[in-house]
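Values quoted throughout were computed directly from the atomic coordinates according to the rules given, and no laboratory measurement underlies them. Computed from a prediction, not measured in an experiment: that's the story for all the values here. Positions of Cβ are backbone-derived with ideal geometry, glycine not excepted, and every protein chain shown enters the neighbour counts.
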Amino acid sequence: MKFALNEEQSALSDATRDFFSSKCSFEQTRKSFASNCGFDEILWKSSCEELGLAGLLVSEELGGFGAKDVEAAVVLSQHGYFLAATPLKMHWNAIMVLDECVTGDQRSALISPLVSGETLAGAVFDDLDSTVIFTDDKSTHVSGRFARVPFGASLDVLYFKIEINGSPCLARLDCLSNGVSQTLTASIDQTQILGAIECTNASIEIVAKDIEESFARAKARATIAACNEMVGTMKSILNMAVQYAKDRNQFGRPIGSFQAIKHKLADMLLESESAYSIALYGAWLASMDKDFSNDDLEDDLGLIASMAKYYCSKALSNVAGENLQIHGGIGFTMENDVQLFFKRAAFMNAYLGMPSEHSKVLAGKIF
C-alpha cells in the first residue's frame, strides 16, 4: 500500500507547524506549568480562533470543518512535535465519542457547543471508581471518582461509559454542577496535567444506550490519534539529538562522528519512521466508513489501534531514552529541554493503556 498526504493535508500540516512554531516555544510551555488550570490557555484559545482546531473533526453542518482522522493525525503530529500544553486531544476524544455513540438531534445539540472550544469537554475510557448509581424515572445520580483525568480540573463536560441495568450507556457529566469537585493532581508530564473528578450524588444525563461497539470504536480512534501525536514527538526528539550530535565536540570532533552515536541515531530514525507508518495507517483506516473491509488489508480498527499503541509507546520511550544518553548528564537537568520529552514519553506510555495491556489484546486476536 502506498500512502501519502494530499495537497490539502500537507497545507494543513504546514499551517499547523507555522502556528505552533510561532506561539509555542519551550519557554512559553514552561510558563504554563504555573497556571491555575495547568495548561497554556492563551495557546488553546488562539488555536481555536485562528486555526479552528476545536471544531476540526465536527461536520460542516454543525459548524465545524468536517475533517477526518487523517487530518487529526496531521495536526496532532505537530502538536506533539512542539509539546504543546493544550487539551486538544482530550477535547477531540469527547467529539469522537459523541460522533460514534450519539445520533439524531441530540448529537447535534451536544457537539455544536464544542466547536468554538469555549466549552472544554473530555472523554475517559476508564471506569468510575467505587461507582454508586441511583436512578428513578426522572434522573440518574452517581457517586465515585476518576482519579487521573488529563486536564480534568479544567473540563466543563465529561463523557464516560457506565452500566445501568446491565446495559452500557454513555453518560454526560456537567463538571460545574452540584456534587462534582475537580482538583489538580500530580503528573509526571507537566505539559499534560492531570485532575481528579469526584462525584457525590451528582446528576448525570444518559445520552446513548447499548454503546459497547461504538464506544470501543471511539476508543480505538482516540488511541490512534494519540499515536500520531507520539510520532510528532519522536521526530522532534530525533531532530534535537541530531543537532546536539553535530554541535557537541569531544576529543576534538563532533560526537556525531562516533560510530556508537551514529548507530543510536540510525535506530531512532528507523523507529520513528516505523511508528509513523502504523499510526498514519490507523488514522486512514479510522477515516473509512464503519463497515469498510478489504481482504488485502488488516481492517480491524481495534487491532490496528493496539498494534499502533504498543509499537509507538515502545518506540517513543526508546527514542526519548537514547536522546537522554546522547546528551549525557546535562539531559537530566531541569534547565534542559531533554527532560520534557523524557517525561512526555513516560506519560504517553501509560495513556490509554500500557504496552503490556495492548500486547494482551494482540495475543488474544492471534491465538
Once you have the Cα-Cα distance between residue 165 and residue 118, take 0.36 nm times their residue separation minus that, and quote the gain in nm to one decimal. 13.4 nm
With no solvent and one equal point scatterer placed on each C-alpha of the chain, evaluate the Debye formula and give log10 I(q)/I(0) for q = 0.10 Å⁻¹, two decimals. -0.63
Among the aspartates and glutamates, which have Cα under 19 Å from the Cα of residue 246 when same-chain residues fewer than 8 positions away are ignored? 267, 322, 337
Tell me, what ³J(HN,Hα) does each residue in segment 102-115 have, in order and in whole Hz, if you take phi through Karplus 6.51 cos²θ - 1.76 cosθ + 1.60 with θ = phi - 60° and put x for Gly and Pro? 10, 10, x, 5, 5, 4, 4, 5, 7, 7, 3, x, 8, 4
In segment 283-357, the trypsin sites (Lys or Arg not before Pro) that sit in a DSSP loop and have at most 11 other Cβ atoms within 10 Å of their own Cβ are 290
Hey, with R₀ at 25 Å, roughly what FRET efficiency would residue 15 and residue 41 work out to, going by the Cβ-Cβ distance, to 0.05? 0.70
Residue-span extension gain [residue 50 to residue 156] - 0.36 nm each, minus C-alpha spacing: 36.0 nm
Output wanted: per-residue J couplings in Hz (rounded whole) for segment 49-66, from phi through Karplus 6.51 cos²θ - 1.76 cosθ + 1.60, θ = phi - 60°, x for Gly and Pro. 6, 8, 10, x, 5, 4, x, 4, 8, 7, 4, 5, 5, 9, x, x, 9, x
222 nm mean residue ellipticity, helices alone, for the chain (DSSP H n ≥ 4; -39,500 (n - 2.57); rounded to 500): -17000 deg cm²/dmol
What FRET efficiency comes out for the pair residue 31/residue 247, r = Cβ-Cβ distance, R0 = 22 Å, nearest 0.05? 0.25
Counting Lys and Arg as +1 and Asp and Glu as -1 over every other residue whose Cβ sits under 14 Å from the Cβ of residue 225, the net charge comes to +1
Treating cross-link reach as a plain straight distance, find the lysines whose alpha-carbon is under 28 Å from the alpha-carbon of residue 365, omitting any fewer than eight places away in the same chain. 2, 68, 89, 161, 209, 219, 290, 309, 314
Report the net charge of residues surrounding residue 185, where surrounding means a beta-carbon distance below 13 angstrom and charges are Lys +1, Arg +1, Asp -1, Glu -1. 0
Name the chymotrypsin sites (Phe, Trp or Tyr not before Pro) in segment 1-45 that are in a loop by DSSP and that have at most 16 other C-beta atoms within 10 Å, would you? 3, 33
Rounded to the nearest 0.05, what FRET efficiency do residue 68 and residue 257 have when you use their Cβ-Cβ distance and R0 = 45 Å? 0.55
Describe numerically, in nm with one decimal, the distance between label points set 7 Å from Cα along Cα→Cβ at residue 334 and at residue 185. 2.3
Can you check what the net charge comes to around residue 72, using other residues whose Cβ is under 9 Å from the Cβ of residue 72 (Lys, Arg +1; Asp, Glu -1)? +1
Assuming a viscosity of 0.692 mPa s and a temperature of 37 °C, what translational diffusion coefficient in µm² per second does Stokes-Einstein assign to segment 213-366, Rh being the Kirkwood radius over Cα pairs? 199
Find how much the distance from residue 209 to residue 7 grows on full extension, using 0.36 nm per residue of separation minus their present alpha carbon separation; answer in nm with one decimal. 68.8 nm
For residue 200 and residue 325, extending 7 Å from Cα along the Cα-Cβ vector and measuring point to point gives, in nm, a value of 5.1
Directionally averaged shadow of segment 121-211, computed from the convex hull of its alpha-carbon atoms, nm²: 5.7
